[in-house]
Amino acid sequence: MGTIKAYKFTDGFDFDLIRKEVLGTFRAKLLKDVLIIEKDNDLCFLFNYGVIIFWDFDDEEYFLKTISSSIGAIKILEDYQYHISPIQPVKIELDTIYIDSDDELKKLSISYAIEQSIMLGNFEDSIKKALELTEHIPLELAENGRVNMSRREIAKERGRLFITKSNIYLHFEFLDTPEFFWEYPELDIYYQSMRKYLELQPRIEILNRKLNVMQEVLAILADEQNHKHSSILEWIIIILIAFEILLFILNDFT
């Protein structure tokens, strides 16, 4: 039995810098968008946006210490068990992965799905927090017919929601099937099995629905901001008309 550990760091990785830092202690090679680190048949995979996945890596702590200047703080840690079992290509149950060989590329194929699950978890957390902070908006609108926020507060809220939404959309492509499997289609079964176990597709669909809700909240805020701006203009016009009437009355008296 072996152990798989997956870490998500706050920052992405500079692969060139990491390769220099581990030179002489670990072997490193770049395959597509993944940096593969190997020592004595122990493997770990570094993905562009801050995910490291160790497969039974005895020097895990030493490796992390070696590259500590190149990584941010740890945000997420996931772990699994794995067995080499030649009965079938791949089977996953109860966070245990049964794989038919110790092949590096088969492990990488499974790691792609784990990395995507971690990235998706990041998106899920950020949109959950954003929607929790704005859940009062539709409630206020339903109860009072307006949102009890100033124009400045509405503008800040729109900006915060837009940043959250943009960050997700900018990285959404990383939830698609990696280009790696265009060249190695025979390995897709390992990736798809792990992807199915981690329920990536249903989670992506739920995330899309939440993004739609966020878009509706943004539309509500935009309408409220426009309404408040129109109301201010209306009051300015009313005040100017009243001032003109007052001047007209004063002129009549003089």
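The values are calculated or read from the model by the stated rules, or taken from the named source; none is laboratory data. Everything numeric here is computed off the predicted structure, so don't read it as measured data. To get the accessible areas, we keep the full protein, side chains included, count just its heavy atoms, and leave off ligands, DNA and RNA. Shrake-Rupley method; radii C 1.70, N 1.55, O 1.52, S 1.80 Å.
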Inset, instruction - Sticking to Cα atoms, compute the Rg of the range 81-130 to one decimal and its Dmax as the biggest Cα-Cα distance, whole number, in Å. - result: 14.1, 46
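How much length is gained if the chain between Glu61 and Ala222 is pulled fully straight, taking 0.36 nm per residue apart and subtracting their Cα-Cα distance, in nm to one decimal? Let's see the in-between values first.
On the way: separation 161, 0.36 × 161 = 57.96 nm, distance 4.91 nm.
Extra length from Glu61 to Ala222 when fully extended: 53.1 nm.
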Legend entry - Accessible area expressed per residue, the chain, with surrounding protein chains retained (probe 1.4 Å, Å²): 58
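For the range 1-85, which whole-number percentage of the solvent-accessible area (1.4 Å probe, protein heavy atoms only) is attributable to carbon and sulfur atoms?
Values: 1910 of 4260 Å².
Of the solvent-accessible surface of the range 1-85, carbon and sulfur hold 45 percent.
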Inset, instruction - Have a look at Met194, Met149, Met214 and tell me which one the Gaussian network model of the chain (Cα, springs below 10 Å) gives the largest fluctuation. - result: Met149
Inset, instruction - Report ³J(HN,Hα) in whole Hz for each residue of the range 18-35, in order, from the Karplus equation J = 6.51 cos²θ - 1.76 cosθ + 1.60 where θ = phi - 60°; Gly and Pro get x. - result: 5, 4, 5, 5, 9, 4, x, 10, 10, 8, 9, 9, 9, 10, 6, 9, 10, 9
Inset, instruction - Specify the angular offset, from 0 to 90 degrees and rounded to the nearest 10, of the alpha carbon long axis of helix 151-171 from the longest principal axis of the alpha carbons in the chain. - result: 20
Inset, instruction - Before rounding to the nearest 500, sum -39500 (n - 2.57) across all DSSP H runs of length at least 4 in the chain and divide by the residue total; then give [θ] at 222 nm in deg cm²/dmol. - result: -19000 deg cm²/dmol
Inset, instruction - Could you tell me the convex hull volume per residue, in Å³, taken over the Cα atoms of the chain? - result: 168
Legend entry - Under Karplus coefficients 6.51, -1.76 and 1.60, residue-wise ³J(HN,Hα) of the range 195-208 in Hz, glycine/proline x: 4, 5, 4, 7, 6, 5, 5, x, 5, 5, 5, 5, 4, 4
